[in-house]
1. For a 27 Å ceiling on Cα separation, which of these pairs sit above it: 266/292; 211/292; 287/316?
2. Using the per-residue mean of other Cβ atoms lying within 10 Å as a proxy for protection, in what order, highest first, do the peptides 249-258, 236-245 fall?
3. So how do 130, 310 line up by other beta-carbon neighbours within 10 Å, fewest first?
4. Pairs to check: 270/304; 192/273; 234/355; 205/291; 185/205; 204/234. Give those whose C-alpha atoms are more than 32 Å from each other in this structure.
5. Given axes a ≥ b ≥ c from the Cα gyration tensor, I'd like to know whether region 243-366 is rounded (a/c under 1.5), prolate (a/b larger than b/c) or oblate.
Amino acid sequence: MTRQKEKTATTHLAHLQVAPSDPRPKLAKELNLACPPASLKVLCFILTFIFFVDTLTAQINKVIEPEFKTFKQTDINPYYNNSNLIQQNQQVPIQNYPKVLTAQDIINQTNSSVQGPVYQFGSTPEENQRVTEKWIDEQMRNDPAYQNPNNFSNKRLTQHQELLNIINEANSAETGKRMNFEYYKSADFADKTKPYTYALNLLKKMATGEKSISLRDAFYITENAYGNTYLSYKEYCNIIKDNTDFMKQMMIQNGLDPHDNEAIHKTIQKFGKDTTSINLPKNEMTKITTKKHIPYTYDYIDYKGEKDFRNYFVTKAFSTGTGQCSSLPVVYGILAESLGATFYLSTAPNHSFIKYPDNAGKIHNLSSR
């Protein structure tokens, strides 16, 4: 019995050795897939482990910080720069790129455009005036032309000296007379200054009430003191009378009251700016029935009197019918005076004009230009 069992076990063992059981799953058996050997598994495990360790090491390593001893700040100059050209002493091309303004730059520009050497915020006009004067003084002190006359060019010095020589030569003949005060009491001096003395005395009498104020006479004696007037006093008065009579006839023909102040001024204004005419009494000899007047006009030729000072004169305006803002308002005033109108001769810088009241008392300004 025992031998039989041993034989059977031996048979079974031989069977196992010859045909060992297949450990692959059923699906692997059907597909006849080969099972990887153990050595391949070990190799895969080792490679996976090495990759994991390398990745982990790379993540925990510290970043290398830059060494400041070799760090160079970026050039923020808004202009193009080339260090190589500079080192070689060559001309560096410059490109004027616009600089980006900061808020402070804008504030500084605003302040500099409003505040200057002659104006400051919060200052009174008097303080600004003092600042202005101080600034002008500083500019003059810094200007070489104000420091030393020798700083002028030789040409200007020569011109200056020539002018001095001319003045000295012109005054040399009169020097003795001016220095001798007895000359001012002599007959020669009295004769040469007679027109001035007459004008001064007459104006004093008008100012003190000793003589009636006459705009006509005041201007003529003043201009006559200069000499060489356009008209004699008789011619001057005749022209004024002729103009006055013409305007009186105009008022009568137009049904205006010759004693009405407003009507007189309206007539003078029409007489001065328009071509007008009046009817004359019948004359069998001349056969002339009307008389025409050409208006006064503004004279733009030498209106400042730089070439001929008489262009400022009232006598010139009455003689030629032309004038400027100095003489034409006086012409208006003399004609208004001769017609008995109320008016005021007013002056302004480089200008004069007429003020007159209407019948309601309202003052009107009239420029003769």
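Derivation of every value follows stated rules applied to the coordinates shown; laboratory data play no part. Only a predicted model underlies this, so the values are computations on that prediction, with no experimental measurement involved. When we count neighbours, we look across all protein chains shown, and the Cβ atoms used for this are built from the backbone with ideal geometry, even at glycine.
1. 211/292; 287/316
2. Highest to lowest by the protection proxy: 236-245, 249-258.
3. With the sparsest Cβ surroundings first, the list reads 130, 310.
4. Too far apart for the 32 Å limit: 192/273; 205/291.
5. Values: a/c = 2.87, a/b = 1.26, b/c = 2.28.
Oblate is the answer for region 243-366, as a/c is 1.5 or above yet b/c matches or exceeds a/b.
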